[in-house]
1. Let me know the mean shielding of B:150-158 by other chains, meaning the per-residue number of their Cβ atoms within 10 Å of its Cβ.
2. Just how much of residue B:200 is accessible, in Å², when a 1.4 Å probe is used and the result is rounded to the nearest 10?
3. Could you tell me which of B:116, B:104, B:131 has its Cα farthest along the dipole of the range B:90-165 towards the positive end, charges placed at Cβ (Lys, Arg +1; Asp, Glu -1), taken about the Cα centre?
4. Kirkwood Rh, the range A:212-259, all Cα pairs: how many Å?
5. In percent, how large is the relative contact order of the range B:1-71, given Cα pairs closer than 8 Å and 6 or more residues apart?
6. Express the C-alpha Rg of chain B as a ratio against the empirical globular expectation 2.2 N^0.38 Å, rounded to two decimals.
7. Per-residue accessible area for residue B:196 at 1.4 Å probe radius, Å² rounded to 10?
8. What figure in square angstrom, to the nearest 10, would you give for the accessible area of residue A:174 with a 1.4 Å probe?
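The values are calculated or read from the model by the stated rules, or taken from the named source; none is laboratory data. Keep in mind that what you see is a predicted model, and the values were worked out from it rather than measured. Every residue, glycine among them, receives a Cβ derived from its backbone with ideal geometry; neighbour counts consider all protein chains shown. All accessible areas refer to the heavy atoms of the entire protein, side chains included, with ligands and DNA or RNA removed. Shrake-Rupley method; radii C 1.70, N 1.55, O 1.52, S 1.80 Å.
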Amino acid sequence: MNIGRTVALARTMLVETQRAPGTLPGAFALFLATPLLMLLLGTDAGGIQWLARDLPAEGLRLMLPLGAIVGAAFLIRPAMARGWSVLPARRAEWFVGSALAGTVVLALCAVLIAAGAGLAAILADSTSLGRARIATSIETEGVRERPPLPDGTAWADPRYDESLLLSLGALEGDRVEGTLEYSVAWTRERAPARDVPLRITLLAGDASRDLNLTVESRGRVRFAGANPGGELALRVTPIDPVLLVGTKPAHLRVEVARESVLWSLLSLAFLGFAAAVLCFSATLCVRALSTSATAALTGLLLLATLTMLPGLAPAGRMVQDRRQAVEGVKSEGVLFQSLEALGSGLPELLPTVTFDEWLAGRVVPSTAWGDGLIRLALGLALLPAGALVFRLRQIAK
Amino acid sequence: MPAVEITGLGKTFRDFFGRRRVRALDGLSLSLDKGQVFGLLGPNGSGKSTTFKIAVGLIRPDEGSVSILGHRPGTMNARKALGFLPEDSTLLPFLNARETLRLHGALAGLTRADSTRKADELLERVGLKDAATRRVKGFSKGMQRRLGVACVLIGDPEVFILDEPTSGLDPLGAVQMKELIAELRGRGKAILISSHLLGELENVCDRVAFLNHGKLLAQGTLEELLRETETHELRVKAHTAEGVAALEALAREKGMEIARSGPPLRSLESLYLKMLGDGKQP
């Protein structure tokens with residue numbers, strides 16, 4: 001395969017895309033969709049902030065791969081009428097050139113969505129998007145000192161003077177601010193007496209100081225106070241005698257530097273782009289040997305498989321695990337279960353946890369880049385197979 | 001070595017289940033040398049386009065073989081040796097004429113400077129110099145056809161396959177195309193051509209072949225195929241009424257039957273060219 005010819009074809013495809021009538025409006029739509037929808041649909045500050053996180057997440061998680069599938073299904077037309085003009089080049093070069101141009105377009109789309117999300121973040125008070133969960137552990141202090149439950153939730157019972165200790169480590173900045181989501185369990189002994197059933201104390205070495213609390217919503221409080229420096233921890237103490245308070249490290253958010261918004265957006269954009277490239281390449285490979293409609297359907301099936309099956313599988317697995325625990329019976333290898341196990345074993349198109357972190361207002365973990373690279377490499381690795389199939393295909397019409 | 005050699009070519013198109021749908025080619029054999037123009041004639045569905053598609057490597061034959069200057073169709077050497085102008089030339093719509101030619105130059109292995117120079121030369125050659133920076137999307141069918149021809153020429157291939165080359169061209173364009181074909185023949189290029197307009201083929205082809213239902217009915221030089229043994233034509237250039245009358249009388253006296261006598265009819269094409277000149281604006 002000649003690189004010069006492949007690049008010439010890719011460059012030409014990009015010029016064609018750039019000059020197509022729908023390109024400029026499409027680019028504006030991608031950039032402005034998040035801020036516009038956020039302003040149109042958001043009714044309160046919380047809603048606006050949620051939309052500022054949710055819209056780009058859905059755009060990168062679902063819309064971009066979907067667009068990649070549809071685009072790939074119609075990008076190359078293995079017809080003589082379209083292909084004759086590149087006859088001096090090998091058909092494989094035509095295929096790879098088109099795929100590279102499509103990849104560049106997908107990257108630009110991801111950047112535009114991320115840029116729109118950045119604009120939305122500015123409009124929606126970006127500090128709320130720059131939170132990080134940084135609690136490293138949680139433990140129960142008090143008479144019984146029970147370990148957290150398997151799901152990570154730890155409970156503190158006021159009747160036993162228990163409290164929860166969340167380790168934060170060292171924090172930069174002058175202030176410690178953030179939110180804590182909690183659950184309550186009522187002992188039914190009498191009616192609850194307090195609106196906020198807990199007190200949050202900041203511990204720094206031997207010193208301790210209660211933090212100011214503001215109720216944000218049911219089960220969520222905002223805390224703020226000065227940062228004394230050093231290793232920090234939060235003690236959550238239930239103060240209503242009839243309400244047990246429970247939480248887990250994932251429900252603690254501490255605001256960190258604003259730059260993390262940009263970093264998170266870039267991470268998400270890269271991850272979404274990589275997933276879109278994977279869908280794009282897979283659809284192109286099918287397109288190399290079939291009609292556009294078949295290619296689009298196959299791509300959609302792939303998308304559904306990689307996004308839905310792993311999401312569905314844990315429910316089935318939970319049932320199996322419970323039965324195993326209660327009855328001591330090993331699951332039978334029936335076909336459905338085997339298929340479900342196979343489905344749950346498939347790698348997800350996008351690691352859900354990354355987007356969950358973003359949606360929860362926390363910094364996207366840096367593993368997103370590694371995950372993205374794997375998917376991007378997989379997508380690009382599919383191209384030679386597609387090029388080979390496209391080369392061998394007969395073009396009768 | 002022949003420029004194009006087709007031997008026992010057979011192709012059957014089948015449906016999804018592998019059932020035989022149509023026998024497009026059945027044992028076609030023909031040969032084309034350098035400096036020759038070969039015309040393929042036949043009705044729709046006779047196998048002309050299938051032959052071309054096999055020759056350019058778009059489809060594979062079931063039987064037989066095709067050789068382009070000794071190379072198998074679809075290989076890089078065969079591609080370099082071949083210039084193909086299909087009947088429906090779909091060009092990239094948002095490139096302009098010069099960019100289109102430069103792309104083809106790059107695909108043909110020319111340097112950027114060479115492809116730019118050759119693009120400008122060819123645009124002038126096919127009458128599109130004034131439209132060099134216009135996007136192809138706005139071109140008429142005839143202009144697209146001219147640009148398609150320029151695309152074929154930019155790589156300077158040795159073998160040309162032209163499917164309905166004058167389709168969509170005005171009479172002047174058709175004449176220029178025929179002149180171009182004649183010039184290419186003069187430069188030793190081999191040209192395989194198909195057209196529904198038989199008069200065009202008659203003017204430019206050295207050899208023709210007739211195809212029907214994928215089978216070769218006849219092939220040969222134009223003179224071999226067109227010679228009529230039952231009639232005889234005598235053309236007199238400087239004539240007088242008495243002389244013509246004397247010739248007719250002599251012919252009758254010798255027992256010959258005169259089918260037609262009178263001034264010859266010129267072709268519509270020559271009348272068009274005489275009336276509209278070279279098509280340039282005054």
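1. Mean partner shielding for this stretch: 1.
2. The value for residue B:200 is about 30 Å².
3. Final value for the positive-end residue is B:131.
4. Values: mean 1/r = 0.0760 Å⁻¹.
Result for the range A:212-259 stands at 13.2 Å.
5. Numbers: 119 pairs, mean separation 32.2, N = 71.
The normalised contact order for the range B:1-71 reaches 45 percent.
6. Details: Rg = 22.4 Å, N = 282, 2.2 N^0.38 = 18.8 Å.
With N residues counted in chain B, Rg over 2.2 N^0.38 Å equals 1.19.
7. The value for residue B:196 is about 90 Å².
8. Probe radius 1.4 Å; accessible area of residue A:174 about 130 Å².
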